[in-house]
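Worksheet for the structure shown next.
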Amino acid sequence: MDRKVWMQKKTCLFGKNLWEKLLLAVVVIYAVFLAGITVQTGSKFIGEAASYTLTTVSLVNDGNAIISQDDIAKAKEFFPEWAERYDEFKGSSYTTEQGVVPWYFATYPAVCIPAFVILKLAGAPLESAFCLTNLACFLLALAAAALEPRLRVGQRALLCLVLGIHPAIFYLSWPSAEVFQFACIAVASIWWAAGRKHPAALLIAIGGTTNPCILAIGLAMIGEYLVSIWKTTAGQLRQRAVQFIGQWKQIILYGCCYLPGLVPFAYNYSICGAINLTASHSEEWIPLNDGTLLRHLLAYFWDWNFGILPYMPLLLIVWIALVIPAVIRRRWRYLWMSGGLLATMLGYSLMANINCGMDGIARYNAWVTALMAVAVGTQAADILQNIRTRRILAGALACSAVYTGGVIAAYGGIGAPNTIHVKPTPIALKVLEYCPELYWPLDTTIEERSNLPSLLPGSGFQDENQYLRKLYINQAEGQILVDMAGAQSPDDLAWLQEQISVLGEEREIIAIPSGRHIYMARWSLSVENGYLYIVSGQVENNILVTAPGAGYPFLGEAQTLMPGSYTVTLNASCREMPAEAPAQLQVGIKGEDGYQVIAYSPLAADGTATVQFALTEKTENVSCRVYQNDGTILEITGVDVQRS
């Protein structure tokens, strides 16, 4: 049989393209899988959950987006699992006679109403309305990718891969707009690539009602649209200008698609006197004359905690690599899309706090990368002429999706339960351990995510072996740190002392290279510094005077200790202690089954004691305590710990 005839029969086997049917089947199976996990995970009260959920309740309860006390009472009734959390709700600083104005426009809360109503009629828990809405938005984006007839099947398959296995999955459990924004940008970008200008513009405008930075994508779309109209004109400059102006009706019609994006500005100004409630607070913005904007932008790309790089490295590399070929071959749409991406990222880089609550990847990056994925997935085939190069690209995107899926799984899936936004992520810890020179975090990132032991001064990062890698300290804090530090080589401490000696009163970052191994070797748990948790007795002048009864008068703060030898010394004096029943200094591991003592020593007659022990592996929740018998009264200052 002729190969061409055989291929025609293969692709028309069931009356439609076989590959399309396979793609749809895979998407449906994946949708069922994702739906099961989402329903099992549910919605969690995090981020701006109070503002969004209360706005949904307000829309249902009294038909407006102003949150009243009655709305809060209704929310407690509708969402009993979150009832106590609403007592902490403050909203924006703007109020009306009806109540508090929420921070965010009501687009996403309104989108959640159908799921809310369906669950209410079904008698199901209403908290799930938000995760189910997020799931529906996410699956609609996948459906748009799989079903767009103006794209080739290969393009649709790549889009389904890079959009379906995407860090936005982390936010499916959030009662906030991140997944909705992801879906708006993904679908609008697909329509943009397919030449559906007007619906793409309208959807970007709707997405822009939730975050005005998204409207920057609309500016790129408008720019491309106007240039395309200009290219239809001919003649001298004046003639072309006349022809261009002559198409004013279709230009205005296209511009009207963006009008919904302006509604929040008008709404906010009419009731609050500010077009954007977040922007009206000057402390939310950075200065524009000191390079902070560029540092923020680069952090959103490269930061190993929340940037694009650790979650979608191959996609990021391909996106950058395609820029020059796109310029050479004049594939302007790719450049317009990339320009819209950069403009959007610049917009949210203006925010002062870029380490706000997140699950894994930064919330803004979770939705803007939809545009990056669509730009690469739809335009790369037109940029790259060589078939082999196209296949390499397709393989790279497939590998990117597999890698991203691995990260999502390693971080715990929806909600990224294996991470926390105030500590370094697992990937960042690995980089700090094996090649800390590759990580140059912002000082604000170090402050927000510091994982140094609470006893150490300043902020910083240590790797998984507890070697110090990044410090954000001033000279005074550095001197305290040096006194508490140990090292595998004396040269390392001398090097650290030299770095600290040039510091001033302002904090600066000290980057400790991988060849130096500096760790916390000496520290104290005292009544004065608050790391002895008092169980019984009285504190007098930063001294714990224990009650005379039997028991445990204090518990030292739990520590994570690395393999090594340790000496724990109790600083105390004895008022009374039966010689036949001396008190004990104990070191143990606090777990679910109680307190497991691993070393102990009786107190001397003067009240002091020393315990020595060794650990062969990293051990969490190690703490110390004193047990005393009846008739014992001790005066305890604290406990000194030394690692060797």
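The values are calculated or read from the model by the stated rules, or taken from the named source; none is laboratory data. Please read these numbers as outputs of a predicted model, since none were measured by experiment. Cβ: placed from backbone, ideal geometry, glycine included. Neighbour counts: every protein chain shown. Areas reflect the complete protein model, heavy atoms only, side chains present, ligands, DNA and RNA absent. Shrake-Rupley method; radii C 1.70, N 1.55, O 1.52, S 1.80 Å.
Structure summary
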quantity	calculated
Projected label distance in nm at Ile29 and Thr292, using a 7 Å step from Cα toward the beta-carbon	5.1
Dipole moment magnitude, nearest 20 debye, the stretch 46-115 about Cα centre, only Lys, Arg, Asp, Glu C-beta charged	140
Rounded tilt (10° steps) of 49-62 against the dominant C-alpha axis of the chain	60
Förster radius 45 Å - calculated FRET efficiency between Ile37 and Asp640 (Cβ-Cβ, nearest 0.05)	0.40
Helix-only mean residue ellipticity at 222 nm for the chain, each DSSP H run of n ≥ 4 adding -39500 (n - 2.57), per residue, nearest 500	-15000 deg cm²/dmol
Given charges at Cβ of Lys, Arg, Asp, Glu: the stretch 10-146 dipole, positive-most of Phe138, Ile67, Thr95	Phe138
Ranked by how many other beta carbons lie within 10 Å on average, peptides 312-321, 333-342 from highest	333-342, 312-321
Additional length obtainable on full extension of the chain from Ala279 to Asp70, 0.36 nm per residue less Cα span	72.4 nm
Relative packing of peptides 259-269, 224-234, 465-475, 417-427 - highest average C-beta neighbours within 10 Å first	465-475, 417-427, 259-269, 224-234
Cα lying deepest toward the dipole's positive end in the chain, options Ile308, Gly638, Ile543, charges on Cβ	Ile308
Distance-filtered residues of the stretch 42-60 - backbone nitrogen under 13 Å, label point 7 angstrom along Leu140 Cα→Cβ	none
Charge dipole of the chain about the Cα centre (unit charges at C-beta), most positive-ward option of Val422, Ile383, Cys256	Ile383
Val227-Met351 FRET efficiency (beta carbon distance; Förster radius 35 Å; 0.05 resolution)	0.70
Asn474 versus Arg330: modelled label distance in nm, points set 7 Å from Cα along the beta carbon direction	5.9
Using alpha-carbon coordinates, inclination of helix 113-122 to the longest axis of the chain, degrees	70
Theoretical FRET efficiency, 1/(1+(r/R0)^6), r = Cβ-Cβ of Glu81 and Val323, R0 51 Å, to 0.05	0.60
Charge context of Ala188, other residues only, Cβ under 11 angstrom, K/R +1, D/E -1	+2
Contact order normalised by residue count of the stretch 429-563, Cα under 8 Å, 6+ apart, percent	21
Computed over the stretch 538-644: relative contact order in percent, which uses C-alpha pairs under 8 Å that are six or more apart	47
Simple label model, 7 Å out from Cα along Cβ direction - Val535 to Val117, nm	5.8
Solvent-accessible heavy-atom area per residue, rounded to whole Å², over the chain at 1.4 Å	45
Pairwise Cα inverse-distance average, inverted: Kirkwood Rh of the chain (Å)	28.6
Percent RCO, i.e. relative contact order, over the stretch 345-422, from Cα pairs under 8 Å lying at least 6 residues apart	48
On Cα atoms only, tilt of 153-164 relative to the major axis of the chain in degrees	30
Student exercise, the chain dipole from Lys, Arg, Asp, Glu Cβ charges, in Debye to nearest 20	5180
Simple Cβ-charge dipole of the stretch 435-561, Lys/Arg +1 and Asp/Glu -1, about Cα centre, in debye nearest 20	320
